[in-house]
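Structure record follows, encoded as C-alpha cells.
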Number of protein chains: 2
Amino acid sequence: MEFDLIHRHFATPFSALAQANGGTVIAGIGDDCAALRPAADHVLYVSTDTLVESVHFFQTDDPAVVGWKSLVSNLSDLAACGANPLGFTLNLSLPKLDEVWLAGFSSGLLEAASRYNCPLVGGDTTSAGTNVLKTISITVFGQATHTHTGFHRSLAQADDEIWVSGTPGLARLGLLLEYQRQGQLEKCCELSNLPRVEALLEAMPNDLQNSALQALQRPLPRLELGHGLHGIAHACLDLSDGLSGDLLHITKASKLRAVLSQRSLQALWLNKWPELTHHVDRETLLDTLVLTTLQGGDDFELCWTCKPGHRPPMVESGVVQSCVGQLETGEGVWLQCHPDSVPTPLQSQSYIHFSQGSQ
Amino acid sequence: MEFDLIHRHFATPFSALAQANGGTVIAGIGDDCAALRPAADHVLYVSTDTLVESVHFFQTDDPAVVGWKSLVSNLSDLAACGANPLGFTLNLSLPKLDEVWLAGFSSGLLEAASRYNCPLVGGDTTSAGTNVLKTISITVFGQATHTHTGFHRSLAQADDEIWVSGTPGLARLGLLLEYQRQGQLEKCCELSNLPRVEALLEAMPNDLQNSALQALQRPLPRLELGHGLHGIAHACLDLSDGLSGDLLHITKASKLRAVLSQRSLQALWLNKWPELTHHVDRETLLDTLVLTTLQGGDDFELCWTCKPGHRPPMVESGVVQSCVGQLETGEGVWLQCHPDSVPTPLQSQSYIHFSQGSQ
C-alpha cells in the first residue's frame, strides 16, 4: 500500500517539478536520500512543522486547503529568514487509507509547491496503528546568498521601527466567519474574548469577508518581501501567534521593549476597510479589529524591525508595508493608545481588560 | 508546556553540540529556520523517516534505544549515499506528557547525535489530540564533496560484484532472542517462517547472542564505510528490509539480475560463529541463518555493487566486508546453492518453500 500511495499521490504528480529543478535536485524520491546542491557559498535554511488533525486542522476542512497551508506555513518561515525555497520532505501518518482526502491534500500541496518552486524531495507515509488522527510533518529547505547576514531575533536595535506586511488579523476574521457559518461563533468568542464580534462580522463588506476567508484558507508566504528585506531588516519573523505574542520573541531575544501605536494598527484596518470611517460603531469595531491583529495568528505576514527612515522594498506582489511601532530600551510589548499617552503593557489579559473597559 | 519541553529535553542538552558545529550551524533551535552552511561546492543530502509507536517501536521498548535507532536509521541512509551528517530536525507528536520516556528518548538520541557529530537544528513537539500513540519524524541532512558522483540504485553494472558489510540478519536474531525472552517466539516464527529457530537460539554461543542484541538495539550507521566507498561503489543502499528485498531495488533500477551465492552467505555466518562448523545440525541451522540474512531487516549494514577485483576500502571501524554474489543481465534476485548449480529465483515464498524442502 505504502509504495503505491506515495507514487500515486506524491511521486508521480510532483516528479515534473523535481525534474524542472534538476540543477538543484540531484536526487529526489526513491533513493535513500534526497540530494540538493545549493549554489556555491549559499546558506542552507531548514524549517519543520507538524500538524495534527483536530489540533491544527479538522476532519471537515477542505484537504486541499490543509495541503496548501501545511507547506505555506513552512515557506513562510523561509520568508522570515530572507531565504528562497530549495525543496521539502513530507511525512504522513494516517489511521486509514482515505483516497479522497489524500487526493485533495496532494493537490493543494502541489499547488503551493509549484507556485513557489519548491520540489518534494523525500518522505514517507506510515500506517498510524491505532491512532485515530492524521499527522503531517513537513521539513522545508531554503538558501540565501552568503552576503545575507540573516534576520535573527536578537538583532533588533533600540530606536528600530516595527513594520508589518498586509493586515495581520485578517485570517482570524476569516476564522470567525467560518465559525459563524457553522453556528459555533459563540464558543469561539468565549475563547478569544473578542467584544462585539457579531456586529463586526455583520458590518464587514463582502470583499473584506472574501479577503478574510482567503487569508484563512490561502495564506501567502512573503518570500519576495523577505528577499527584498535583505540589508534592511534587523530582526524578522512571520506572524503565527498574533502580533503581541510574536513580538515578544524579538523583545526577549534583543532585550528591548516594543511600543505599538494603536493609531497605526487602526490605520491598517481603515486602509483595508475605508467605509468603517463612517460607521456609527467605528471605535468599538476598531478595538475588536486591533485585538485580532494582536491576538490572531496564521496570517503568515512578516513583522520586521529596521532603522527609522528606510524606504520599504519594492515588491512585485504589491503587498502593503506599514510601520506600527518602535523599539526602545526596556522589555515587553506595550501599546500606546494616543500619541501623547503613556504606553500600557500588553499582556493579553491586561489588554483584554483595557479593551473591555474602553467600550 | 511545549516550549519548556523542547528546552528541557532538546534545546538545552543539544546546545553544546550545535555550538561545537558553529562553522556549519549558523542558526539552530529558536529561530524560524535552522541555517546550515555546507562548504562551497558540497552537495546537500536529505533523509527522513517517521516512527509510530506500536508499529515501529513499542511502549515497552527502552526509550533510549528508540532515540538511538530513530536517528541512526536516518544516518544509515546518509551512509548509503556516501554522505556525512550536517544536522537533523525532530518532530514529536505525543499523546501525553511522559517525562520519563522523553528523558530516555532524548538521552539515546543525544548519544547518537554526539557520536556521529550530527546537531539537532530544529523541530517541534505537538500534543497529539486524541491520538494514543507517539509519532516521531526525523529529517537528517548531509553533504559530500562535489567530486562524489553518488551511489544511485540505477548505476549498478552487469558483472558487478555484490558486497555487504557485517553480518546482515544479526539484528533479526536479536529480535528472535527478544521474542523468546518475552515468551512470544512461537508467534514470531509463524510470521517469519524460520525453521528450527528454537534449536538455533539454543545453540548460539553467548557472545553471538550479545552481538545479536547489540545489532538490534544499537545498530551502527556505516558512515565511514560509505565515505570509503567513494569511487568504488556503483550502487549502494542500507539493508532495512532484508538482503533479498533490498537487492530487488537495485536490480529493478539497474535492469539486471542479482545472483547470490549461498556458500558466501553461509560463510558470513561461519565467520561470525566458527563453532557452528562442528555442530551436528550445521546445515539446517545455516539454512535458517541464511534466511535471516535474506529476510531480516534493520541491521543498517550497507550493500553495494562494484567492479570485480576492487580492494575493500580500509575503515577504522574494521567492519567486515564480504562479496556475496554478482550482477548479470536479466532480472530479479536469485540464489545459487552450489557453485555448479543453476540459480533459483528468490521470491520470499519460493525460497521458504525451497528451504523447507531441503530440511
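Values quoted throughout were computed directly from the atomic coordinates according to the rules given, and no laboratory measurement underlies them. All of these numbers come straight from a predicted model, not from anything done at the bench. Note that we place each Cβ from the backbone using ideal geometry, even for glycine, and neighbour counts take in every protein chain shown.
The value of relative contact order for chain A, using C-alpha pairs under 8 Å at least six residues apart, is 22 percent. Only Lys, Arg, Asp and Glu count, each charged at its Cβ (+1, +1, -1, -1), so figure out the dipole size of the protein assembly as shown about its Cα centre, rounded to 20 debye. The calculated dipole for the protein assembly as shown is roughly 820 debye.
By the count of other C-beta atoms within 10 Å, a proxy for reagent exposure, A:T60, B:T89, A:T135, A:T126 are ordered fewest to most as A:T60, A:T126, B:T89, A:T135. With neighbour counts taken as other beta-carbon atoms within 10 Å, the residues B:F58, A:F57, A:F141 rank, fewest first, as B:F58, A:F57, A:F141. With the cut-off at 32 Å, tell me which of the pairs B:K69/B:K96; A:K134/A:K272; A:K272/B:K134 have Cα atoms farther apart than that. Violating the 32 Å Cα-Cα cut-off are A:K134/A:K272; A:K272/B:K134. With distances taken between every two different alpha-carbon atoms, chain B has a Kirkwood hydrodynamic radius of 21.5 Å. Ordered by the count of other Cβ atoms within 10 Å of each Cβ, fewest first, B:K272, A:K307 give A:K307, B:K272.
Does anyone have the angle between helix B:170-181 and the longest principal axis of chain B? Alpha-carbon axes, 0 to 90°, nearest 10? Result, in degrees: 80. Computed about the Cα centre, the dipole magnitude for chain B is approximately 460 debye when only Lys and Arg (+1) and Asp and Glu (-1) carry charge, each at its Cβ. Principal-axis analysis of the Cα atoms of chain A puts helix A:63-80 at an angle of about 70° to the longest axis.
Charged neighbours of B:T305, selected by a Cβ distance under 11 Å, balance to -1 (K, R count +1; D, E count -1). Considering only Cα atoms, the convex hull volume of the protein assembly as shown works out to 158 Å³ per residue.
Annotation for the range B:135-189 versus the range B:223-289: alpha-carbon center distance of 11 Å.
Counting only DSSP beta bridges with both residues in the protein assembly as shown, the antiparallel share comes to about 75 percent.
Rounded to the nearest 10 degrees, the inclination of helix B:243-254 to the longest alpha-carbon principal axis of chain B is 80 degrees. Counting only other chain Cβ atoms within 10 Å of each residue's Cβ, the peptide B:122-128 averages 6.
Across the range A:153-357, the convex hull enclosing all Cα atoms gives 116 Å³ per residue.
Taking amide H as placed 1.01 Å from N in the peptide plane, A:L346 has its amide H under 5 Å from the amide H of A:V333, A:W334, A:L335, each at least 5 places away in sequence or on another chain.
Sorted from shortest to longest, the distances between the B:H310 label points of this copy and the other copies are 5.1 nm, with each point 7 Å from Cα along the line through the beta carbon.
Other protein chain C-beta atoms within 10 Å of residue C-beta, averaged over A:139-146: 4.
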